[in-house]
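Engineer: Starting off with a structure, shown below.
The values are calculated or read from the model by the stated rules, or taken from the named source; none is laboratory data. Bear in mind the structure is a predicted one, so any value in this text is a computation, not a measurement. Cβ sites come from the backbone with ideal geometry, for glycine too, and all protein chains shown count toward neighbours.
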Amino acid sequence: MKSKSVTAKQERWGWLFLIPATLLICIMSFYPIIQAFLTSFKTGSSANMKWASPIIYNYSRMFSDKLFIRSVVNTFFYLIVQVPIMLILAILLAQLLNNRDLKFRGIFRTCVFLPCATALVSYSLIFKSLFATQGLINSILQALHITSQNINFLGTAGTAKMVIILALIWRWTGYNMVFYLAGLQGIEYSVYEAAKIDGANGWKTFWNITVPLLRPTIIMTFIMSINGTLQLFDESVNLTSGGPANSTITMSHYIYNNSFGQGVANFGYASAMSFFVFILVAILAIINLKVGDTRD
Amino acid sequence: MKKKLLSVMLVGAMVASLAACGGGSSSSGGAAPAGGESTVAAVTSGGEHTLTVSAWDHNFNIPALEAAAEDYKANVDPDFELVINEVSGSSDVETAITTGGSAGDYSQLTDIVLFQDHYIQRYVADYPDAWVPVEGADIDWSDFGEEKLSYSMIDGQHYGVPVDNGTAIFAYRIDLLEEAGYTLDDVTDCTWADWIKIGEDVFNKTGKYLLSMDGDGNDLPYMMLQAEGASQWKDGEPFITENETMVEIINVIVEAVQKNALYLANDWSDYTDQTIQGDMVAGVMNGNWIIPTIEQVAENSGKWEITNIPTLNGGGGYAANGGSSLYITSNCANVDLAKDFLAKTFGGSTATYDKALKDGGVITCCISAGQSEVYQEGVDYFNGQPIYTDIVAMGANVPVVEQSDYHYSCRSLIAAAIINVLQNGYSTEDALKEAEDQLRFEMGL
Amino acid sequence: MTEYKNRSMIQRRLIPSYIFLTIVSFISVFPLYWMITAATNKSVDVARGKIVFGSYLMENWARLNQLQDLGGAMKNSFVYALVQTILALFICSLAGFGFELYHDKKKDFLFGVLLMAMMVPGVATMIPLFKMMSKLGFLNTVWGFMLPGISTPFLIMMFRQNSRNFPIDIMEAARIDGLSEVQIFFQMYLPVMKATYAAAAVITFMNAWNAYLWPRVIMTDKKAQTMPMLIANLAAGYTVDYGVLMLGVLFCSIPTMIIFFVLQKQFTEGITGAVK
């Protein structure tokens, strides 16, 4: 319908609008990606890189690297557990905060959003202190007689992963909520009024109106979160340093360790692992778009 | 109001995007209307009396550099100026060299950089164009500990001038030892087996651990090995599962943890903040740079004293951990000035080292500078013990052991092995085997 | 009378919502409260988990200023983040507008291609980008800082998705009235999409303000350092002073919070505007 009414001149403008963004992405993303792809077939120090022999050396190395495989497993664990919880919580909060009858909406909204205004460095520090062996969480648990002795949250694999997931939810739920609020704003409020008159309760409205109408936004946040989680870095570095015994290390953290982190830079190998991540994210994003985008 | 905001943003956007479109090669100088003064010149300086240096830790290395600058200015060149470029850690300097090397452009480096001892050999080998040896500088090298110089000497040439001294100390809370019925003599020159018994008693009587360590980057096995004169390396390859001393040491660590003599913290900040500043321990063993952390707990002043490290068979052990030196980069325009500066300050100037000790707690590894009056003063926090002289003396006993560029990789893998034994039910042999395999993998062996 | 009754009934039904939101708000805000109290305490007390206000603020403030050029870093961060935000909003909204409202198969394909750029880990492109910036002489400049962050597939996608709610009929009407495509963008699209702009501005500004890895590589001169770099410097070394560090963190968090408070009004107005 749209295309019929667009003239050739308008059509040309349509393309012109895309030029600055496309050009910048080509120069700032695609060109470096191609460079990195070439690097993934090389070995040696960054000042003197040579073609690897065999040429797929870095790639074959990757799949026999136990630490890398562990980092992949860890990352997927975070992805599967954290992303759904966070997104559902975010939609729920957005839905509650979009209710005009609710008082103090501004205050609630601000509070929920505040965590993502804190710098990454600081929020990791905060969580580390809260969950420290002598930290506040342990004191509270003991005061409530839930536990009898201090739990070393960050020192045991299972609980350390849990702290990372909690921290991620704390930091990013408000962020995602902003998108849902911006999306909800595009939905005519009268739709809700009508639902209310029809006697639909909160949950019905949520599942039958909010979720379908927010679909584009949900797809977007989903892709964002998948992408963000697969590239998870700061939390692994700052909260647990990947430990104990590398049980919480993420893919990006391991890649970083191989390029900058541990003194011995191995750009070729790091680039190869980056490409593996790239392909993973691309596959997941394409599935997401195919499932979600019903317009065409 | 909102309209105004939006229109302001839009105008700004258009102006700036015009500049962006015209960007490219011609605009590096002029096209920064929004950036303004923040478009600063490169860090290098061409001045005849000015040097730039990159360093980290404003409580430690940076006061030492300031002390040196003041010394040089007062005693050699009144026009001298040292510009300190503070970075957030040793890895920033490493990254600058790695990225500079990949771009074939070291022009972003400062004239001098502080660099970690354990990595320098590899960085000189991989990025030979980034460095200038300090050969020809007027320094009496025999005045420095052999162990320290073994890092910064490459192919018989001196590349670095030492700043601090990584000699390990074992500091004990005398009051807590006494409470458990022991004295400092009992833990001096003792065996690790005796030490664990004492640790058990101390924990049972006082509720404090006799030692804590960062379980993530565990410094302990390395220091304990060095105190035995042993290494985790043999002929450039990992020497772990076949290394009986190593196996024995891991077993000691595991036993110490199980008997509550040793507490393994989750990571570095947990180690310093919770265990040391949080007053969980009756003893601290690490490089002497840990002293300022101990001193943070003001109420324990006068209750500490230091001694040497236990060994497997008794007799005092000596080790070193951490430490860095200053290196001249190829981007230095005035190498002669840099050499002269380093020689007349960290090369042995008492004025520099005395002030560095007072302001930053930096202890020299220059033997003659360590004999100054300032060094011989008793330290109140350590019950009046002249710890600085003692540390310099201990430094001379540290044995030289084989090192590797993969020092930190090895250390974190051994740390993981210890956790695997303690938490995941591995036997020492299996855990070490896994660590060795991964290490060999990382090294491409 | 009935209206009043109705209203109190609605409020009663909202009680679970209030409880839930209060709990969530508390959890969200508590760590920040802790951060603020930490800035007023001595390092040792912070490490031991003290959570009430102390009297050490002035000492921490003096030490912070003695150690770091707070004003300089604040100014750098502010300038970099502002320029990046303005440019990113303009370029990405233009693209989002083009992709959605001039939508056809070819543009969809191009969009799909651009989306790929979002998926490569930043670590991988850092070295090639550094080489590029170094050749262009952009090290230690606002250009080096922001050029990689201006055109992001993510922002384009956000504008494109939210443009689906843009009333296309009005656009037709405007064309009949003789408005050019550029005029449509500035006079119609921009005002209608202001809530999206506000959200995009908050997000871009925060990302730019909090950026750490890339600035650390490209801003090698201390004079060009940003707030997160300043914090990292404070957190460096063998002994960390937590009181001073948390004061730095507080300063680093204030601007992003203010930006959110300011633009929050745009949200509210946007929501209110949509009903009328």
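Engineer: Being facing another protein chain (nearest Cβ under 8 Å), of a type in the set (Gly, Ala, Ser), in contact (Cβ under 8 Å) with a residue 24 or more places away in the chain and surrounded by 17 or more Cβ atoms within 10 Å (Cβ to Cβ), is that true of even one residue in the stretch A:140-157?
Structural biologist: yes
Engineer: I would also like to ask the following. Which ones in the stretch C:40-68 are touching a Leu at 6+ places or on another chain (Cβ under 9 Å) and farther than 23 Å from residue C:230 by Cα? Talk me through it step by step, then tell me what you get.
Structural biologist: Residues of the stretch C:40-68 that are touching a Leu at 6+ places or on another chain (Cβ under 9 Å), as a first pass: C:40-41, C:43, C:46, C:49, C:51, C:57, C:60-61, C:63-64, C:67-68.
C:49, C:51 - these are the residues of the stretch C:40-68 that are touching a Leu at 6+ places or on another chain (Cβ under 9 Å) and farther than 23 Å from residue C:230 by Cα.
Engineer: So which helices (runs of 4 or more DSSP H) stay within the stretch C:82-160 end to end and still have 2 or more residues that are over 16 Å from the mean Cα position of the chain (by Cα) and more than 28 Å from residue A:288 (Cβ to Cβ)? Talk me through it step by step, then tell me what you get.
Structural biologist: Details: elements: C:105-116, C:122-136, C:142-150.
Result: C:122-136, C:142-150.
Engineer: Is the stretch B:249-266 home to any residue that is in a strand (DSSP E or B), within 14 Å of chain C (Cβ to nearest Cβ) and not hydroxyl-bearing (Ser, Thr, Tyr)?
Structural biologist: Yes: one or more hits.
Engineer: Moving on to the next point. Do we find that residue B:294 is among the β-branched types (Val, Ile, Thr) and not in a strand (DSSP E or B) in this structure?
Structural biologist: yes
Engineer: Quickly run through the stretch C:198-220 and pick out the residues that are of a type in the set (Ser, Thr, Tyr) and surrounded by 23 or more Cβ atoms within 10 Å (Cβ to Cβ).
Structural biologist: C:204, C:220
Engineer: Follow-up question, since we're still on this one. Exactly one condition in (1) surrounded by 15 or more Cβ atoms within 10 Å (Cβ to Cβ); (2) farther than 20 Å from residue A:214 by Cα is false for residue A:179; which is it?
Structural biologist: (2)
Engineer: If I filter the stretch B:394-416 for residues that are touching a Gly at 6+ places or on another chain (Cβ under 6 Å), more than 14 Å from every other protein chain (Cβ to nearest Cβ), under 20 Å from residue B:292 (Cα atoms) and aliphatic (A, V, I, L, M), do I get at least one hit?
Structural biologist: For the stretch B:394-416, residues touching a Gly at 6+ places or on another chain (Cβ under 6 Å), more than 14 Å from every other protein chain (Cβ to nearest Cβ), under 20 Å from residue B:292 (Cα atoms) and aliphatic (A, V, I, L, M): absent.
Engineer: Take the residues in the stretch B:189-207 that are of a type in the set (S, T, N, Q) and surrounded by fewer than 16 Cβ atoms within 10 Å (Cβ to Cβ); name whichever of them is nearest to residue B:385 (Cα to Cα).
Structural biologist: The qualifying residue nearest to residue B:385 (Cα to Cα) is B:191.
Engineer: If residue C:66 satisfies every condition in (1) out of contact with any helix residue (DSSP H, G or I) (no Cβ under 9 Å at 6 or more places or on another chain); (2) within 30 Å of residue A:93 (Cα to Cα) but one, which is the exception?
Structural biologist: (2)
Engineer: Among the residues of the stretch C:141-161, how many are within 14 Å of chain B (Cβ to nearest Cβ) and modelled with pLDDT of 90 or more?
Structural biologist: 11
Engineer: Considering C:89, C:101, C:94, which residue is at the interface with chain A (Cβ under 10 Å from one of its Cβ atoms), closer than 29 Å to residue C:167 by Cα and crowded, with 23+ Cβ neighbours inside 10 Å? Give the derivation first.
Structural biologist: Numbers: C:89 fails: at the interface with chain A (Cβ under 10 Å from one of its Cβ atoms); C:101 fails: crowded, with 23+ Cβ neighbours inside 10 Å.
Residue meeting the stated conditions: C:94.
Engineer: For the stretch A:70-128, how many residues meet the condition of being in a loop (DSSP other than H, G, I, E, B) and under 19 Å from residue C:11 (Cβ atoms)?
Structural biologist: Within the stretch A:70-128, the first condition is being in a loop (DSSP other than H, G, I, E, B), and the residues that meet it are A:98-104, A:118-119.
When the remaining residues are screened for being under 19 Å from residue C:11 (Cβ atoms), the result is A:98-104.
Qualifying residue count, the stretch A:70-128: 7.
Engineer: Still on this model: So for the stretch C:263-276 (the condition being at pLDDT below 85, surrounded by 19 or more Cβ atoms within 10 Å (Cβ to Cβ) and among the small types (Gly, Ala, Ser)), does at least one residue qualify? If you could, list the steps in order and put the result at the bottom.
Structural biologist: So in the stretch C:263-276, the residues at pLDDT below 85 come out as C:263-276.
After this cut, where a residue has to be surrounded by 19 or more Cβ atoms within 10 Å (Cβ to Cβ) as well, the list is C:263, C:266-267, C:270-271.
Going one step further and asking which of them are among the small types (Gly, Ala, Ser), we end up with C:270.
There is at least one residue in the stretch C:263-276 that is at pLDDT below 85, surrounded by 19 or more Cβ atoms within 10 Å (Cβ to Cβ) and among the small types (Gly, Ala, Ser).
Engineer: Now, a different point. May I ask you to list pairs of residues, at least six apart or on different chains, whose Cβ atoms are under 8 Å apart, with the first in the stretch B:345-367 being at positive phi and the second being part of a strand (DSSP E or B)?
Structural biologist: B:348/B:366
Engineer: Going by the conditions given, is residue C:46 within 11 Å of chain A (Cβ to nearest Cβ), touching a helix residue (DSSP H, G or I) at 6+ places or on another chain (Cβ under 6 Å) and modelled with pLDDT under 80?
Structural biologist: yes
Engineer: Can you pull out the residues in the stretch A:128-153 that are under 24 Å from the mean Cα position of the chain (by Cα) and either over 30 Å from residue C:260 (Cβ atoms) or among the aromatic types (Phe, Trp, Tyr) (or both)?
Structural biologist: Of everything in the stretch A:128-153, those that are under 24 Å from the mean Cα position of the chain (by Cα) and either over 30 Å from residue C:260 (Cβ atoms) or among the aromatic types (Phe, Trp, Tyr) (or both) turn out to be A:131, A:153.
Engineer: Checking the structure you have, find out if any residue of the stretch C:166-178 is of a type in the set (Lys, Arg), within 11 Å of chain B (Cβ to nearest Cβ), part of a helix (DSSP H, G or I) and more than 27 Å from the chain's Cα centre (by Cα). Don't jump to the end; show me each part of the working.
Structural biologist: The first filter runs over the stretch C:166-178 and keeps only residues of a type in the set (Lys, Arg), leaving C:175.
In the following step, the residues that additionally are within 11 Å of chain B (Cβ to nearest Cβ) were identified as none.
Scanning the stretch C:166-178, I find no residue that is of a type in the set (Lys, Arg), within 11 Å of chain B (Cβ to nearest Cβ), part of a helix (DSSP H, G or I) and more than 27 Å from the chain's Cα centre (by Cα), so the answer is no.
Engineer: For the stretch A:41-88, what are the residues that are within 12 Å of another protein chain (Cβ to nearest Cβ), under 22 Å from the mean Cα position of the chain (by Cα) and of a type in the set (Val, Ile, Thr)?
Structural biologist: Matches in the stretch A:41-88: A:69, A:75.
Engineer: So, in the stretch A:188-241, exactly how many residues are surrounded by 17 or more Cβ atoms within 10 Å (Cβ to Cβ), over 24 Å from residue C:117 (Cβ atoms) and at the interface with another protein chain (Cβ under 8 Å from one of its Cβ atoms)?
Structural biologist: Residues that pass the stated criteria total 3.
Engineer: Output the residues belonging to the stretch C:155-170 that are of a type in the set (Lys, Arg) and surrounded by fewer than 19 Cβ atoms within 10 Å (Cβ to Cβ).
Structural biologist: Matches in the stretch C:155-170: C:164 only.
Engineer: Let me ask another. Specify the residue that is modelled with the highest pLDDT; the eligible residues are those in the stretch C:123-137 that are more than 7 Å from chain A (Cβ to nearest Cβ) and under 14 Å from residue A:260 (Cβ atoms).
Structural biologist: Out of the qualifying residues, it is C:130.
Engineer: Failed condition for residue B:298, given (1) touching a strand residue (DSSP E or B) at 6+ places or on another chain (Cβ under 9 Å); (2) free of Cβ contacts under 8 Å to residues at least 40 places away in the same chain; (3) among the hydrophobic types (A, V, I, L, M, F, W, C), with all others met?
Structural biologist: Against the list (1) touching a strand residue (DSSP E or B) at 6+ places or on another chain (Cβ under 9 Å); (2) free of Cβ contacts under 8 Å to residues at least 40 places away in the same chain; (3) among the hydrophobic types (A, V, I, L, M, F, W, C), residue B:298 comes up short only on (1).
Engineer: I need the full set of residues from the stretch B:382-406 which are surrounded by fewer than 20 Cβ atoms within 10 Å (Cβ to Cβ), assigned to a helix (DSSP H, G or I) and touching a helix residue (DSSP H, G or I) at 6+ places or on another chain (Cβ under 7 Å), in order please.
Structural biologist: Within the stretch B:382-406, just B:389 meets the criteria.
Engineer: Next question. So which of C:254, C:203, C:231 ends up being under 16 Å from the mean Cα position of the chain (by Cα), at pLDDT 85 or above and closer than 23 Å to residue A:115 by Cβ?
Structural biologist: Details: C:203 fails: at pLDDT 85 or above; C:231 fails: under 16 Å from the mean Cα position of the chain (by Cα).
Only one candidate passes the filter, namely C:254.
Engineer: Now, a different point. For residues in the stretch A:129-139 being in contact with a Gly (Cβ under 8 Å, 6 or more places away or on another chain) and either more than 7 Å from every other protein chain (Cβ to nearest Cβ) or outside any helix (DSSP H, G or I) (or both), which is surrounded by the fewest Cβ atoms within 10 Å (Cβ to Cβ)? Break it down stepwise before answering.
Structural biologist: Here is the first cut: in the stretch A:129-139, the ones in contact with a Gly (Cβ under 8 Å, 6 or more places away or on another chain) are A:129, A:132-136, A:139.
Checking which are either more than 7 Å from every other protein chain (Cβ to nearest Cβ) or outside any helix (DSSP H, G or I) (or both) leaves us with A:132-135, A:139.
Working: A:132: 26, A:133: 20, A:134: 18, A:135: 20, A:139: 13.
Looking at the filtered set, the residue picked out is A:139.
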